[in-house]
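What follows draws every value from the coordinates through simple rules; no lab data is involved. Bear in mind that the values here come from a model prediction, so they are computed numbers and not experimental data. For neighbour counting, all protein chains shown are included, and Cβ atoms are generated from backbone atoms with ideal geometry for every residue, glycine included.
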Amino acid sequence: MFSTLATSTSLLASSLYLFSASVSADVDPSWLVSWNEAIENRPSELASHSVMVGSDEPGTRLVIKGLIVDPYGKAAEGIIVHAYHRDNQGFDFGYLDKELTTWRIQGWAITDQRGHFTFETIRAAPDHLGREGGHIHFTTISEEYGRQWALKAFFSDDKLLTQRQKEISLDAGKFGAVRESIKTEGGEVINVAIKLRTEPDF
């Protein structure tokens, strides 16, 4: 199934970079540089399970178990998912955030028939300046719903979370941004759920 999904999405992925110049003016230019570089380096084949870091990456091992549904609540198969986050020192782009022009820890996956995807990575640290808690960014791509900023998932035990963030997440139920981190022998696990919207973001 993975090879079939990879083949069916190759044309979609190859076209994404071609219209990057036509994105909304609301998109941060520096983010767009990182995004376009990520698109250029995207693996030619995708699976529902993706490993984002090597075994020598410092930090607590983290497994992200995800579910994507369409705007009507039905499991969405064949949705491309991009994830990125800071390392265990709180940097996005390598040492002092000056080594790279795209995110150092990032990965790509594609949802299976049940709308599921999995990433193996490490737990993201809070921003190195202490401005916000550790979190993971998700962006989705699909032919029907375009490119969407899908979720910014935080850890429920992060001391930098605000009460307002917790309340908003609670109101959103399983689609909330604050996720419980489950301790395991190998590290931690979080479960995330993403509901697509009818219109693209960029």
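Computed from backbone phi with θ = phi - 60° and the Karplus coefficients 6.51, -1.76 and 1.60, the 3J(HN,Hα) list for the range 95-112 is 4, 6, 6, 10, 7, 10, 10, 10, 5, 5, 9, 8, x, 10, 8, 9, 5, 8 Hz; x is used for glycine and proline. Beta bridges per DSSP, both residues in the chain: antiparallel share near 70 percent. Computed from backbone phi with θ = phi - 60° and the Karplus coefficients 6.51, -1.76 and 1.60, the 3J(HN,Hα) list for the range 122-129 is 10, 5, 6, 7, x, 3, 5, 9 Hz; x is used for glycine and proline. Under 10 Å, Cα contacts only: if you run a Gaussian network model on the chain, which one of Ser50, Ser30, Ser156 comes out with the highest mean-square fluctuation? Highest fluctuation of the listed residues: Ser30. Taking the charge dipole of the chain about its Cα centre, with +1 at Lys and Arg Cβ atoms and -1 at Asp and Glu Cβ atoms, the residue from Val192, Ile122, Ala47 reaching farthest to the positive side is Val192.
Here the range 126-202 is assigned +1 on the Cβ of each Lys and Arg and -1 on the Cβ of each Asp and Glu. Its dipole about the Cα centre then comes out at about 140 debye. Taking amide hydrogens as placed 1.01 Å from N in the peptide plane, the amide H of Ala177 sits under 5 Å from those of Ser169, each at least 5 positions away in sequence or on another chain. What separates the Cα centres of the range 86-127 and the range 30-74 is a distance of 7 Å.
Radius of gyration over Kirkwood radius for the chain, both on Cα atoms: the Rg/Rh ratio is 0.94.
When only the Cβ of Lys, Arg, Asp and Glu is charged (+1, +1, -1, -1), the dipole of the range 2-195 relative to its Cα centre reaches about 420 debye.
For the residue pairs Lys65/Lys166; Lys159/Lys183; Lys65/Lys98; Lys98/Lys195; Lys74/Lys152, alpha carbon separations beyond 23 Å are given by Lys65/Lys98; Lys98/Lys195.
Each residue of the range 52-68 is assigned a 3J(HN,Hα), and the resulting list reads 8, 9, x, 5, 8, 5, x, x, 6, 4, 9, 10, 9, 9, x, 9, 10 Hz, derived from the Karplus form 6.51 cos²θ - 1.76 cosθ + 1.60 (θ = phi - 60°), x at Gly and Pro. Applying 1/(1 + (r/R0)^6) with r as the Cβ-Cβ distance of Asp157 and Tyr95 and R0 = 22 angstrom yields a FRET efficiency of 0.20.
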